[in-house]
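Trainee: Submitted below is the structure of interest, expressed as structure tokens.
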Amino acid sequence: MATSSENPVERPPDRAMLAGLTPPTRPTLPRLGSPPVQSSDRTNHGRAERPRLASRRPRFQALAEVAIRVLAFTSIAAIILIFVFIGKEAWPLFHSAAIAREVTLAKMWFAQQWPGYDAPEHVWQPVSEIPKYAAWPLVVGTLKVTLIAMLVAVPLGVGAALFVSQYAGRRLREIVKPTVELLAGVPSVVLGFFALMVMASWMQQALGLDSRLNALVAGVALSFAIIPVVFTVSEEAFGAVPRSYVEASTALGAARWQTILRVIVPAAGPGVAAGIALGLGRAVGETMIVLMASGNAAILSASPADSVRTVSATIAAELAEVVFGGAHYTVLFFLGVLLFAFTLGTNLLGEFAIGRMRRRLGGAA
Amino acid sequence: MKRPGNRVGSPPASPAADHRGRVWEPSQGSHDSRVGSPPASPAADHRGRVWEPSQGSHHSHRLGDVALALGSGLAVALVLLIVVVILGDVTYNGASHLTLGFLTQAPRDGMTAGGIFPAIFGTVALVVLMTLAVLPAGVATAIYLSEYANPGSRLTRLVRVAVNNLAGVPSIVFGLFGLGFFVQFVGAGIDRALYGGQRIFGQPALVWAALTMAVLTLPVVIVATEEALAAVPRELRLASAALGASRLQTIVRVVLPQALPGILTGAILAISRGAGEVAPILFTGVAYFLPKLPGSLHDQFMQLGYHVYVLSTQSPDVDATRPILYATVLVLLLLTFALNATAVVVRSHMRRRFAGAAS
């Protein structure tokens, strides 16, 4: 309406109309800097066609905008609060004398000579007469399960993404992508249940393993949760490779597979790496699957056929039964800090890789 | 002239030797820099070297193509097989026990008989409270990022990094956070302030589990809402501004109604995630078995996912609980899939609408 002489851009109406119709570089709406109160003050002298919201409740607008800005920082606040409050519960491990009598960082990370043992050993036995808190069995267990999961998930996830983006026709793609989304939607407790009740027996029979629940079962089950992550990010990365790359390669006489392996895969490399990093973070932090399928015995060994106890499963299984503020409680929160720090690292790595790929392909797109 | 496409259909190659290494050896791993350079340059870089070997053997190319297609095709087949086997097993074993009585009764005889109604009730209560908490915060963040913030500013980037990282925090860490922050700090604080130190809120409870889950699902809502806001045509905002509407008026009256399906999608995805996660509620309010339904915010509750965990790991009689366990898993899967499917439908509906508006 040309009659709205009080448009917020503070320009004559005709010019504002013009600005609204031609696509400018930035929106003509008032930006962050312009105080909301000002615009609502002006509405007090508003004409009939001004929307009611502002003219009736000028303060409401200002309040709402403040609320939006405050709520926008919930995520930052959450990250900080997570760090502060987990760290707070783990902090006594570093300075409390009462806890130092039972456990110290050195006792967690170096082999200890326990009564009844022939040599210094890493033992996780927090609930025994002499509580033992060696972290290595848990860390190695976590790495073992994670490695197995990644060994399964990366070829399957990246391979499937490659097929869907390069070979699959439209119809097949429309089957595969929703199916992977379906897998992503399966709650991890269901995957854990399936590993525990079904897969463990199958794998024990097929491979003749001693223990029914072991690192292999947990790792394979865990890979089911990682495949969708790796697949989705990789597929997006393959799809983002500019067509001109493919055309140039083809024009040079490269075969399809040469183009894929030597042009598309390297170009999408950072994206695929990001998918793997995100999958790694998920694998290390995943709890219910390993809690149910790994056997939960804190054995320090390299064999995938042994039962393992991971860091996340240890926290899940033990925290409910510990004394608040005690040594065991503190150690479990410390393990939580380790998990948090590790996944934060893999996430930042993944983000970095995606940013790198965007910059790389940015010129071509 | 080979063009991309339709190579899958080509007949299988004769068993010629694999020339993979030989053909591409001259490039000596310089492909990284090649790809990084502007689009025109890959052609220039490799002109002579690539041509020569390619004219060599067509058999090797066939073999390479078939091998790559078969290899990646096998990956797809395996992934599909995994999904089919899991869903098939759960459906086959769970469907027979899934009756109306199972959905409406409480567990009996040490959970070897009866139904799962308290777990369903607890799950619904949890996600309703969670949604009430996560929607305002998530939608406000998305509005801020898409409508107010200067996209290049350091603060905006920080918010984005926080959202992305929050999405990657392990669920068990959220559980620790819920216990340390909500239960022991906020809850105990409320007890000290209002109840004279009597333990009411300072223990695991429905409200703390819901808030913990809200923090976990926050990125889901933010990402979906932001996507929805970005899909609203700019012309609508400009038209609204040209009519004299303020920024907030434009958002409330024009942008949000348009983005509503997308916001709904985010909410549904968050609910689906919240209904399936177990680790965050382990220490913040879920209970093994309760004779009563939760009646207030500070009661504990039963939940479907945790019920699955309890039945499969702590059952006194595995064979007796087996049908109940399978049926519970089936209910949980149907619930999450129904939610996800709704989100997909709403989203595609939204895309169609905007596709129509743009043309």
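Trainee: Scanning for something within 11 Å of chain A (Cβ to nearest Cβ), modelled with pLDDT under 90 and not in a helix (DSSP H, G or I), does region B:261-278 turn up at least one residue?
Mentor: No - not one qualifying residue is present in region B:261-278.
Trainee: Consider residue B:63 carefully, then state whether it is within 11 Å of chain A (Cβ to nearest Cβ) and without any contact (Cβ under 8 Å) to a residue 24 or more places away in the chain.
Mentor: For residue B:63, the condition - within 11 Å of chain A (Cβ to nearest Cβ) and without any contact (Cβ under 8 Å) to a residue 24 or more places away in the chain - is not met.
Trainee: I would also like to ask the following. Out of the residues in region B:130-160 meeting the condition of being over 20 Å from residue B:259 (Cα atoms) and facing another protein chain (nearest Cβ under 7 Å), tell me which one is modelled with the lowest pLDDT.
Mentor: B:150
Trainee: Let me ask something else. Output yes when any residue across region A:242-265 is aliphatic (A, V, I, L, M), more than 10 Å from chain B (Cβ to nearest Cβ) and in a helix (DSSP H, G or I), and no when none is.
Mentor: Taking every residue of region A:242-265 in turn, none turns out to be aliphatic (A, V, I, L, M), more than 10 Å from chain B (Cβ to nearest Cβ) and in a helix (DSSP H, G or I).
Trainee: Now for a different question. Which residue pairs have Cβ atoms closer than 7 Å, lie 6 or more positions apart in sequence or on different chains, and pair a first residue in region B:178-195 that is closer than 22 Å to residue B:277 by Cα with a second residue that is among the basic types (Lys, Arg) and assigned to a helix (DSSP H, G or I)?
Mentor: That search, which allows pairs on different chains as well, returns B:180/A:88.
Trainee: Next question. Which one of the conditions (1) within 34 Å of the chain's Cα centre (by Cα); (2) at pLDDT below 85 does residue A:65 fail to meet, given that it meets all the rest?
Mentor: Against the list (1) within 34 Å of the chain's Cα centre (by Cα); (2) at pLDDT below 85, residue A:65 comes up short only on (2).
Trainee: A further question follows. Among the residues in region B:304-324, are any touching a strand residue (DSSP E or B) at 6+ places or on another chain (Cβ under 6 Å), within 9 Å of chain A (Cβ to nearest Cβ), in a helix (DSSP H, G or I) and in contact (Cβ under 8 Å) with a residue 12 or more places away in the chain?
Mentor: For region B:304-324, residues touching a strand residue (DSSP E or B) at 6+ places or on another chain (Cβ under 6 Å), within 9 Å of chain A (Cβ to nearest Cβ), in a helix (DSSP H, G or I) and in contact (Cβ under 8 Å) with a residue 12 or more places away in the chain: present.
Trainee: Could you identify the single residue in B:110, B:114, B:94 that is modelled with pLDDT under 95 and either at negative phi or of a type in the set (Ser, Thr, Tyr) (or both)?
Mentor: Testing whether each residue is modelled with pLDDT under 95 and either at negative phi or of a type in the set (Ser, Thr, Tyr) (or both) leaves just B:94.
Trainee: Within region A:269-283, count every residue that is facing chain B (nearest Cβ under 9 Å) and either crowded, with 24+ Cβ neighbours inside 10 Å or touching a Gly at 6+ places or on another chain (Cβ under 7 Å) (or both).
Mentor: Total satisfying the criteria: 3.
Trainee: Check B:207, B:254, B:220, B:215 and return the single one that is within 11 Å of another protein chain (Cβ to nearest Cβ), part of a helix (DSSP H, G or I) and either within 30 Å of residue B:302 (Cα to Cα) or in contact with a Gly (Cβ under 7 Å, 6 or more places away or on another chain) (or both).
Mentor: B:215
Trainee: Same structure again: Take residue A:361 and decide whether it is surrounded by 17 or more Cβ atoms within 10 Å (Cβ to Cβ), modelled with pLDDT of 90 or more and part of a helix (DSSP H, G or I).
Mentor: no
Trainee: Enumerate the helices (runs of 4 or more DSSP H) found wholly within region A:77-172, keeping only those where 3 or more residues are in the same structural domain as residue A:329 (by TED's automatic domain parsing).
Mentor: A:136-166
Trainee: May I pose another question? Only residues that are over 24 Å from residue A:58 (Cβ atoms) and among the hydroxyl-bearing types (Ser, Thr, Tyr): list them for region B:223-263, please.
Mentor: Answer for region B:223-263, where residues must be over 24 Å from residue A:58 (Cβ atoms) and among the hydroxyl-bearing types (Ser, Thr, Tyr): just B:225.
Trainee: Which one is surrounded by the most Cβ atoms within 10 Å (Cβ to Cβ), of the residues in region A:149-163 that are facing another protein chain (nearest Cβ under 7 Å) and hydrophobic (A, V, I, L, M, F, W, C)?
Mentor: Once the filter is applied, the top-ranked residue is A:160.
Trainee: Same structure again: What single numbered condition from (1) assigned to a helix (DSSP H, G or I); (2) aromatic (Phe, Trp, Tyr); (3) more than 18 Å from residue A:88 (Cβ to Cβ) fails to hold for residue B:201?
Mentor: (1)
Trainee: Say we look at region A:188-224 and pick out the residues that are touching a residue at least 12 places away in the same chain (Cβ under 8 Å) and either touching a Cys at 6+ places or on another chain (Cβ under 7 Å) or at the interface with chain B (Cβ under 7 Å from one of its Cβ atoms) (or both); which of these is surrounded by the most Cβ atoms within 10 Å (Cβ to Cβ)?
Mentor: A:193
Trainee: Kindly evaluate residue A:102 against the criterion of being of a type in the set (D, E, K, R), over 21 Å from residue A:274 (Cα atoms) and surrounded by 17 or more Cβ atoms within 10 Å (Cβ to Cβ).
Mentor: The answer is yes for residue A:102.
Trainee: Let me spell it out: the conditions are (1) away from every other protein chain (no Cβ under 11 Å); (2) touching a Leu at 6+ places or on another chain (Cβ under 6 Å); (3) part of a helix (DSSP H, G or I), and residue B:294 meets all of them except one. Which number is the exception?
Mentor: Against the list (1) away from every other protein chain (no Cβ under 11 Å); (2) touching a Leu at 6+ places or on another chain (Cβ under 6 Å); (3) part of a helix (DSSP H, G or I), residue B:294 comes up short only on (3).
Trainee: Out of all the residues in region B:169-183, is one or more of a type in the set (Ser, Thr, Tyr), buried (at least 18 other Cβ atoms within 10 Å of the Cβ) and at pLDDT below 90?
Mentor: no
Trainee: For region B:143-166, how many residues are without any contact (Cβ under 8 Å) to a residue 12 or more places away in the chain, in a helix (DSSP H, G or I) and surrounded by 16 or more Cβ atoms within 10 Å (Cβ to Cβ)?
Mentor: Here the count works out to 4.
Trainee: Would you say residue B:173 is at the interface with another protein chain (Cβ under 7 Å from one of its Cβ atoms) and free of Cβ contacts under 8 Å to residues at least 12 places away in the same chain?
Mentor: Criteria met by residue B:173.
Trainee: Which numbered condition trips up residue A:295, out of (1) at the interface with chain B (Cβ under 8 Å from one of its Cβ atoms); (2) touching a Leu at 6+ places or on another chain (Cβ under 7 Å)?
Mentor: (1)
Residue by residue, here is whether (1) outside any loop (DSSP other than H, G, I, E, B); (2) in the same structural domain as residue B:174 (by TED's automatic domain parsing); (3) closer than 25 Å to residue B:284 by Cβ; (4) not charged (D, E, K, R) holds:
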{"position": "B:79", "(1), (2), (3), (4)": "yes, no, no, yes"}
{"position": "B:82", "(1), (2), (3), (4)": "yes, no, no, yes"}
{"position": "B:89", "(1), (2), (3), (4)": "yes, no, no, no"}
{"position": "B:124", "(1), (2), (3), (4)": "yes, yes, yes, yes"}
{"position": "B:135", "(1), (2), (3), (4)": "yes, yes, yes, yes"}
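Trainee: Being free of Cβ contacts under 8 Å to residues at least 12 places away in the same chain and either within 26 Å of the chain's Cα centre (by Cα) or within 23 Å of residue A:198 (Cα to Cα) (or both) is the filter here, so list the residues in region B:81-107 that pass it.
Mentor: Across region B:81-107, the qualifying residues are B:81, B:82, B:83, B:84, B:85, B:86, B:88, B:89, B:92.
Trainee: Residues in region A:306-338 that are among the hydroxyl-bearing types (Ser, Thr, Tyr), surrounded by fewer than 24 Cβ atoms within 10 Å (Cβ to Cβ) and in a loop (DSSP other than H, G, I, E, B): how many?
Mentor: Residues that pass the stated criteria total 1.
Trainee: Okay, next question. Would you check if residue A:303 is of a type in the set (S, T, N, Q) and surrounded by 24 or more Cβ atoms within 10 Å (Cβ to Cβ)?
Mentor: No.
The values are calculated or read from the model by the stated rules, or taken from the named source; none is laboratory data. Quantities reported herein were computed from a predicted structural model and do not represent experimental measurements. As a convention, Cβ positions derive from the backbone with ideal geometry for all residues, glycine included, and neighbour counts pool all protein chains shown.
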